[in-house]
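**Student:** So that we are looking at the same thing, I have put the structure below in structure tokens.
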Amino acid sequence: MSTPHPAASNPPQHPRSSPQVPGRWRAAAAATGLLRADGSVASTIFAEMTNLAARTGAINLGQGFPDVDGPHAIKQAAIRAIEDGYNQYPPGTGVPELRRAVADHQRRHYGLDLDPDTEVLVTTGATEALAATVLALAGPGDEVVTLEPFYDSHAAVIALAGATHVTVPLHPTPDGFRLDPAQVRAAVGPRTRLVLVNTPHNPTGTVLTRAELQVVADAARSVDAIVVTDEVYEHLVYDDAVHVPVATLPGMAERTITISSAGKTFSFTGWKIGWLHGPAHLVEAVRTVKQFLTYTSGSPFQPAIAQALADDEAPRALAASLRDRRDLLCEGLVAAGFEVVVPRGTYFVVADGAPLGFDDGVELCRRLPDLAGVVGVPVSAFCRAPGAPGDVPDSPTTARALASRVRFTFVKREDVLRDAVGRLRALRDGR
Ligand SMILES: Cc1ncc(COP(=O)(O)O)c(C=O)c1O
């Protein structure tokens, strides 16, 4: 028998992720709480919880994607588009019928008047719209203000741009998670380049009121900052809540980039068709960056989404059904012993585990599959990590204030939610 070559028995050791690899990736990982002390990168809590659900057979209410696809007619439209030859690069700004459909949609719903040729840009989901906007308009030395908790890609692209992330906390109240106007004003200053607001808001389900948005708009205008709004849940609002696009506030259309996408509105999250609109000079700046990210994508899906946007009935029906599913899950969570802030928008609800004796949402989420056969994600994953650069130990950060809170999604079939609610009862019974 031959002796193995030394290199075969002792392969070179490649650390899973080298702290030596240079580049901005590290800033993106740090900004989203994924950079370990040894320089390696942790998987996201979403991936960890999804794996946990798969391993344990728990019901996954952690990740927010629908378990029922969008309208059959829209799928057929995409299939037809493939057969009709929409298979090569579409125009870099998006197919004209989709840009027109976005402009029509914004006029019909919000009274906004857009030129589809110069003021609308189709993107690879809202994610690319956010990335291209922040990379185009902010850089080192600039500050970008967001709400906190925040959707993780907001923090990541601010870091990739080399800008500084400043946050304004949302506070839990009986009337939802709300902004403190004084904190909005304090967060905005001479270095503020962008104010990025997300309404309806993931993860809290808050729909910012016109008055709250006016505070944001006034603060942005006072320092000549641009407002970027992430409105991907614009049609998923309940009860008496009304979605107000910032661009509809007096004088704001000229300094606002509005971002949305088809994923949540039509339950086609995998198609990644998004768009943005704003004044032509800002859209041109963003297009300049966007053309070097993906250039263009989703050729057959773009005309299908143009068709979807012309019909207001499907989103209305989805919102009505989600409202019922929200009620089902919220009642189940309360019956299980959680304290719940009832969301008026999105398909997420934030529940507090403290009344059940859990002060740490991360620990609760790791144990929930065993305790109740359900998976959620800790709200702290949407906050700046305690211990991140600049954190003062024991200071009142949003992550600490919301440490015991967990986000659950209700964009699952009613039978799945009933099963989850039944399982959650084990928490109360086990107390
Ligand atoms: C607030 C928010 N913005 C943007 C996105 C991403 O949208 P898209 O899938 O269109 O890129 C999501 C997805 O979860 C989201 O919650």
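The values are calculated or read from the model by the stated rules, or taken from the named source; none is laboratory data. Just so it is clear, the structure is predicted and the values come from calculations on it, not from any experiment. Note that we place each Cβ from the backbone using ideal geometry, even for glycine, and neighbour counts take in every protein chain shown.
**Student:** Answer with yes or no whether ALA187 is in the same structural domain as VAL283 (by TED's automatic domain parsing) and either within 15 Å of the ligand (Cβ to nearest atom) or within 29 Å of ARG100 (Cα to Cα) (or both).
**Tutor:** For ALA187, the condition - in the same structural domain as VAL283 (by TED's automatic domain parsing) and either within 15 Å of the ligand (Cβ to nearest atom) or within 29 Å of ARG100 (Cα to Cα) (or both) - is not met.
**Student:** On the basis of being within 16 Å of the ligand (Cβ to nearest atom) and either touching a Leu at 6+ places or on another chain (Cβ under 9 Å) or farther than 26 Å from HIS243 by Cα (or both), does THR50 make the cut?
**Tutor:** yes
**Student:** On to the next question. Tally the residues that are touching a Leu at 6+ places or on another chain (Cβ under 8 Å) and not in a loop (DSSP other than H, G, I, E, B), restricting the search to the range 319-340.
**Tutor:** Within the range 319-340, residues that are touching a Leu at 6+ places or on another chain (Cβ under 8 Å) and not in a loop (DSSP other than H, G, I, E, B) number 10.
**Student:** Quick test for you: out of VAL144, VAL134, VAL120, VAL157, pick the one residue that is farther than 25 Å from ALA27 by Cα, within 16 Å of the ligand (Cβ to nearest atom) and outside the structural domain of ALA47 (by TED's automatic domain parsing).
**Tutor:** Within the list VAL144, VAL134, VAL120, VAL157, the selection yields VAL120.
**Student:** Same structure again: Taking helices (runs of 4 or more DSSP H) that fall entirely within the range 341-431, which contain at least 3 residues that are over 17 Å from PRO203 (Cα atoms) and of a type in the set (Val, Ile, Thr)?
**Tutor:** none
**Student:** Quick one: count up the residues across the range 57-89 that are surrounded by 13 or more Cβ atoms within 10 Å (Cβ to Cβ) and among the hydroxyl-bearing types (Ser, Thr, Tyr).
**Tutor:** 1
**Student:** Related question: Among the residues of the range 387-406, are any at pLDDT 95 or above, farther than 30 Å from ALA27 by Cα and either buried (at least 18 other Cβ atoms within 10 Å of the Cβ) or not polar (S, T, N, Q) (or both)?
**Tutor:** Among the residues of the range 387-406, not one is at pLDDT 95 or above, farther than 30 Å from ALA27 by Cα and either buried (at least 18 other Cβ atoms within 10 Å of the Cβ) or not polar (S, T, N, Q) (or both), which makes the answer no.
**Student:** Look at ALA103 and say whether it is under 22 Å from LYS290 (Cβ atoms), modelled with pLDDT of 95 or more and within 16 Å of the ligand (Cβ to nearest atom).
**Tutor:** Against the criterion (under 22 Å from LYS290 (Cβ atoms), modelled with pLDDT of 95 or more and within 16 Å of the ligand (Cβ to nearest atom)), ALA103 does not qualify.
**Student:** Regarding GLN76, is this residue more than 15 Å from PHE268 (Cβ to Cβ) and either more than 16 Å from the ligand (Cβ to nearest atom) or at pLDDT 95 or above (or both)?
**Tutor:** Criteria not met by GLN76.
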